[in-house]
Ligand SMILES: Nc1ncnc2c1ncn2[C@@H]1O[C@H](COP(=O)(O)OP(=O)(O)OP(=O)(O)O)[C@@H](O)[C@H]1O
C-alpha cells in the first residue's frame with residue numbers, strides 16, 4: 001500500500017466561469033480515512049473523480065506511492081489505478097445473488113472456482129453478510145444493499161476506496177448504523193478511504209482527517225479533533241460544530257482562545273469600526289444567575305435538552321443549550337466559558 005498525494009491540483013471545465021478545483025494539495029496517509037467536506041458545488045466530487053481517473057486534472061499531479069497516476073503528461077486509466085468507487089446508488093444486479101454480485105469484479109478479472117468463492121466470503125464477512133450470500137438484492141434492506149456494494153468494492157483488494165456521499169439516500173437511523181459499518185470496514189480492510197460528504201457530523205464521526213473545501217479551494221486539512229478545536233476562518237468555523245460567530249472589536253494579537261473575563265469585556269465594548277469573528281460553541285454557554293443578560297429568541301426541544309437562540313444586548317444571536325424549559329422572551333444570565341477567534 002502507499003500514500004496518495006495530490007499536488008497542486010486544478011480543474012477547469014469547459015465554459016466554467018471559475019476553476020472547479022484550484023490549487024488543492026493533500027497527502028492521504030496509507031490506511032487513512034479522509035473526508036472531503038464542503039457545501040454543494042465546492043469541488044469535492046471533482047477531486048474524487050480526478051483521483052479515480054474519470055476526469056483529467058487541468059494542472060497538478062496525483063501520485064500513489066512513487067507511481068504517477070495523473071499529470072506530467074501521464075494519465076493512468078481508472079481500471080489500472082487499483083482503486084474502487086462506491087456511489088450513492090449502489091447499482092447491484094437484481095438477477096444475481098449477493099455472492100455473484102460481490103464476485104463479479106473477480107469474474108471480469110478471470111478469477112474463478114475456489115479462489116473466487118473464498119475471496120467473496122472474506123469480503124462478505126468484512127461487512128458481516130455471509131449468511132446472505134445466496135439471497136437476491138431485492139430481499140435485502142437498504143443498509144444491507146449498501147454493504148453488498150462495499151463488499152463488491154473490497155473484493156479486488158483496492159489500495160484506495162473512494163466513496164461519493166454513500167449515505168445520502170438513507171434515512172437517519174440507517175445512516176448511523178452505516179457509519180458504524182464504515183468505521184469497521186475501514187479498520188478491518190486497512191484500505192485508504194476517501195469519503196465525500198457535505199455533512200460535517202458524518203465527516204467528524206468517520207474520518208481520521210478532514211479536508212474542508214469551499215469554491216474549489218482547500219481551506220483546512222486536519223484531524224477532526226483539531227478542526228473542531230482550532231478551525232481556521234469563518235467558513236470552517238461556521239461549517240464545523242453548531243457554533244455561533246459573534247462580532248467583537250478587532251483583535252490583532254496572537255491570542256486565539258479567550259475566557260469569560262476577556263469575552264465579557266469584548267462583548268460590552270461598543271467602539272465602532274472593524275471587527276473580528278469569535279466562534280462560541282453552545283456547550284460553552286452556561287446559564288447562571290447574575291451572568292450577562294440575554295433574551296431567549298427561540299427554543300427547540302431536542303429530547304435530552306432545549307436548543308436555544310439567545311439575543312445579546314446588541315442584537316447578536318448566540319446558540320446555547322438548556323436542561324430546564326425556558327420560553328421565548330425570558331431573560332437569562334449567561335457566562336461564555338470560552339471563545340475561539342477565527
Ligand atoms: N462535467 C462538468 N462540466 C462543467 N462543470 C462542472 C462539471 N462537473 C462539475 N462542474 C462544476 O464544477 C463545480 C464543482 O462541482 P462538484 O460536483 O465537484 O462539486 P461538489 O462539491 O461535489 O458538489 P455536490 O455536493 O453538489 O456534488 C461546480 O460549480 C459545478 O457546477
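Read-outs: derived from the displayed coordinates by stated rules, not from any lab. Nothing here was measured: the structure is a model prediction, and the numbers come from that model. Methodologically, a virtual Cβ is constructed for each residue, glycine included, from the backbone with ideal geometry; neighbour enumeration extends over all protein chains shown.
General observations
- Subset tally (residues that are closer than 20 Å to residue 167 by Cβ, more than 10 Å from the ligand (Cβ to nearest atom) and not in a helix (DSSP H, G or I)) for segment 1-60: 4
- Which numbered condition residue 114 fails, given (1) more than 27 Å from residue 183 (Cα to Cα); (2) under 24 Å from the mean Cα position of the chain (by Cα); (3) in a helix (DSSP H, G or I): (2)
- Residue in segment 86-102 that is at positive phi and away from the ligand (no atom under 16 Å from the Cβ) present: yes
- Matching entry among 273, 329, 291, 333 (being surrounded by 15 or more Cβ atoms within 10 Å (Cβ to Cβ) and touching a residue at least 24 places away in the same chain (Cβ under 8 Å)): 291
- Looking across segment 210-228 at every residue that is in contact with a strand residue (DSSP E or B) (Cβ under 9 Å, 6 or more places away or on another chain) and surrounded by fewer than 15 Cβ atoms within 10 Å (Cβ to Cβ), the one that is farthest from residue 42 (Cα to Cα) is identified as 226.
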